[in-house]
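Worksheet: the structure to be examined is printed underneath.
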Amino acid sequence: MANHKSAEKRIRRNAVRAKTNHARVSRIRTFIKKVEAAITTGDKSSAQEAFQVAMPEMHRGVTKGVFHKKTIARKLSRLSARIKALGV
């Protein structure tokens, strides 16, 4: 239990940030799932459209500090490679 006023404030602030960050991560995962679903259908154009929508959301996750930039770079690269492989 917090003994100082600043520690109590820190607990409240951390709870708010945890809720916000959880929502951001969930939103990004949803966008990724939409891209993966489009890839599994085999439709390259819809996969590219979903990827174009997901990309800024994923970068925003990096900016807001919920994902590391290399994690998002890796995920984007792998999704892009999978989309590119559809055309072959």
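Rule-based calculations on the coordinates, nothing more; no lab input. As the structure is a prediction and not an experimental result, all values here were calculated from the model. When we count neighbours, we look across all protein chains shown, and the Cβ atoms used for this are built from the backbone with ideal geometry, even at glycine.
Overview of values
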| item | result |
| --- | --- |
| Filter pass, Gly61 being small (Gly, Ala, Ser) and within 24 Å of Ala18 (Cα to Cα) | yes |
| Positions within region 54-72 being over 26 Å from Asn14 (Cβ atoms) and either touching a His at 6+ places or on another chain (Cβ under 7 Å) or surrounded by fewer than 16 Cβ atoms within 10 Å (Cβ to Cβ) (or both), in sequence order | Pro56 |
| Residue within region 6-16 that is assigned to a helix (DSSP H, G or I), in contact with a Lys or Arg (Cβ under 9 Å, 6 or more places away or on another chain) and hydrophobic (A, V, I, L, M, F, W, C) present | no |
| Residues of region 73-87 satisfying the condition of being under 14 Å from Gly42 (Cα atoms), exposed (fewer than 14 other Cβ atoms within 10 Å of the Cβ) and either in contact with a helix residue (DSSP H, G or I) (Cβ under 8 Å, 6 or more places away or on another chain) or hydroxyl-bearing (Ser, Thr, Tyr) (or both) | Gly87 |
| Some residue of region 31-39 being in a helix (DSSP H, G or I), of a type in the set (Phe, Trp, Tyr), over 21 Å from Asn21 (Cβ atoms) and in contact (Cβ under 8 Å) with a residue 12 or more places away in the chain | no |
| Subset of region 20-53 [more than 21 Å from His68 (Cβ to Cβ) and either exposed (fewer than 15 other Cβ atoms within 10 Å of the Cβ) or in contact with a strand residue (DSSP E or B) (Cβ under 7 Å, 6 or more places away or on another chain) (or both)] | Ala37, Thr40, Thr41, Gly42, Asp43, Ser45, Glu49, Gln52, Val53 |
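Let's see how each residue does on (1) basic (Lys, Arg); (2) farther than 18 Å from Ala73 by Cβ:
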| site | (1), (2) |
| --- | --- |
| Arg17 | yes, yes |
| Arg24 | yes, no |
| Arg29 | yes, no |
| Ala38 | no, yes |
| Gly42 | no, yes |
| Ser45 | no, yes |
| Glu49 | no, yes |
